[in-house]
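Right, one structure below, let's go through it.
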Amino acid sequence: MARKGRLTRVLRSRCTDVPPTVAPFRIRSARLGDVPAVHAIEQEVFADPWSTQDFRDCVAADALFLIAEVAGEVGGYVVALDAADEGEILNLAVAPEGRRKGLGRALVEAILGLLQDRDVSHIYLEVRESNAPARALYAAQGFREVGRRKAYYRRPVEDAIVLRHDA
Ligand SMILES: CC(C)(COP(=O)(O)OP(=O)(O)OC[C@H]1O[C@@H](n2cnc3c(N)ncnc32)[C@H](O)[C@@H]1OP(=O)(O)O)[C@@H](O)C(=O)NCCC(=O)NCCS
């Protein structure tokens, strides 16, 4: 997950409608009304969470912001940006009670599909070095390690591993 200061620097206008998928969960574009539920997951999951305003800004700017909806509830989300032929996954989380059911994989596949539809050929992200579940998920989706940012994260301080996916 990217540190949130970068979000405000890179958000810009775009349109992100995706056709919803079907049961047992569906992936769809985020709406303003999703923000409280998204933020509740964010606070539960991350020690240095984005604010509700960060997520509202994503909706307002039509960022690439997708929701995994399970029985009408927000079960997870992913946020990404693109510029020219490069993209970046900025945030991804699945509610703890909904994990290991394929939501994370579906969110990543959906956002990769959206980015590739925009002719993005290189997709980057940062992940905590110790985050084995996320690193396994990204590796299974074809991301490979291309760098390291020393002491990138706070609470606790930890290096970020930079991953890249090439179309
Ligand atoms: C990472 C995260 C999004 C995965 O979501 P999920 O819905 O549980 O993932 P899925 O069920 O789709 O799993 C897909 C693959 O990811 C890997 N994976 C997921 N959880 C794992 C775990 N606890 N241990 C090892 N591998 C794991 C596996 O390769 C898995 O495939 P498999 O089920 O066939 O073995 C979720 O654990 C999460 O929200 N973590 C906290 C937030 C976070 O770390 N976000 C990423 C920041 S960069």
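Derivation of every value follows stated rules applied to the coordinates shown; laboratory data play no part. Just so it is clear, the structure is predicted and the values come from calculations on it, not from any experiment. Cβ: placed from backbone, ideal geometry, glycine included. Neighbour counts: every protein chain shown.
Odds and ends about this structure:
- Signed unit charges on C-beta, dipole axis of the chain, positive-most listed residue Ile41, Tyr124, Val157: Val157
- Look at Tyr124, Tyr77 and count the other Cβ atoms within 10 Å of each Cβ; fewest to most, that gives Tyr124, Tyr77.
- Net charge dipole, the range 101-167: roughly 300 debye, given to the nearest 20, about the Cα centre with Cβ charges of +1 for Lys and Arg and -1 for Asp and Glu.
- Sequence of Ile161, Ile89, Ile41 once ranked by neighbouring C-beta atoms within 10 Å, starting from the fewest: Ile41, Ile161, Ile89
- Cβ-to-Cβ counts within 10 Å put Val74, Val59 in ascending order as Val59, Val74, the fewest first.
- Charge dipole magnitude, Cβ of K and R +1, D and E -1 - the chain, Cα centre, debye nearest 20: 360 debye
- Hull volume per residue, based on the alpha-carbon atoms of the chain and their convex hull, is 106 Å³.
- Chain lengthening between Arg26 and Ala40 when straightened (0.36 nm per residue, less Cα-Cα): 3.1 nm
- Volume per residue of the convex hull around the Cα atoms, evaluated for the range 43-122, comes out as 107 Å³.
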